[in-house]
Amino acid sequence: MKTQTIIIDGYNVIYRVPRFNAQLDKSLQAGREALLRYCSEWKARRRDVDRFYVVFDGDSSVIGGEIAASAPGVRALYSKTGETADRRIRHMLDQADRNEQITVVSDDNEVRDSARVHHMRSMSALEFSRMGSGRTARSKSHAADVEAPLPPSAARVITDELRDLWET
């Protein structure tokens, strides 16, 4: 049976989801803690996800680039100095076990396109916020959450990447 893993573009989600963004009035740490707590509560309540990885941009000279323990099944990862969270997420997708069912949460098109290239699911930050709350149905007022078709320029990039993979 495939395990279910959710990889989250941490700061992208914090800045896009009002409940997490509101915590930024206190501190960036408060925003991170709110997102990690939300993931822990989701895992405890719904039990449909085995692991959450929340990836934040970091500075290894300050944070150490280490994995921070958050709660069972929820881990905060910080990118290394000179590495973005987006790049770290793409690397995680490249290295993923094909027996894992992975969903990537981000509103960043490059991150979402990378998930598609790897045949993995992606969802928007607001969709993620509603799903963990038990509100899975999309309303018409949240039309921006509907996944837009892949733009032609991104489709060309994906096609070129796949062509390179097939030709090697």
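Looking only at region 1-34, how many residues end up being in contact (Cβ under 8 Å) with a residue 60 or more places away in the chain, more than 24 Å from residue 87 (Cα to Cα) and not in a helix (DSSP H, G or I)?
1
Which of the residues that make up region 78-98 are crowded, with 21+ Cβ neighbours inside 10 Å and either hydrophobic (A, V, I, L, M, F, W, C) or not in a loop (DSSP other than H, G, I, E, B) (or both)?
78, 85, 88, 89
Kindly indicate which of 141, 122 is at pLDDT 80 or above and not in a loop (DSSP other than H, G, I, E, B).
122
Looking only at region 35-58, which residues are outside any helix (DSSP H, G or I), of a type in the set (A, V, I, L, M) and under 12 Å from the mean Cα position of the chain (by Cα)?
Listed by number, the residues that qualify are 54, 55.
Residue check: is residue 27 hydroxyl-bearing (Ser, Thr, Tyr), in contact with a Phe, Trp or Tyr (Cβ under 8 Å, 6 or more places away or on another chain) and either exposed (fewer than 13 other Cβ atoms within 10 Å of the Cβ) or at pLDDT below 90 (or both)?
no
Considering only residues that are touching a residue at least 24 places away in the same chain (Cβ under 8 Å) and more than 15 Å from residue 105 (Cα to Cα), which ones fall in region 46-55?
The answer is 46, 48, 50.
Considering only region 30-60, state which residues are buried (at least 20 other Cβ atoms within 10 Å of the Cβ) and either over 24 Å from residue 91 (Cα atoms) or of a type in the set (S, T, N, Q) (or both).
Residues satisfying the conditions are 31, 38, 42, 43.
The values are calculated or read from the model by the stated rules, or taken from the named source; none is laboratory data. This is a predicted model, so every value here is computed, not measured. Backbone-built Cβ (ideal geometry, glycine too); neighbour counts: all protein chains shown.
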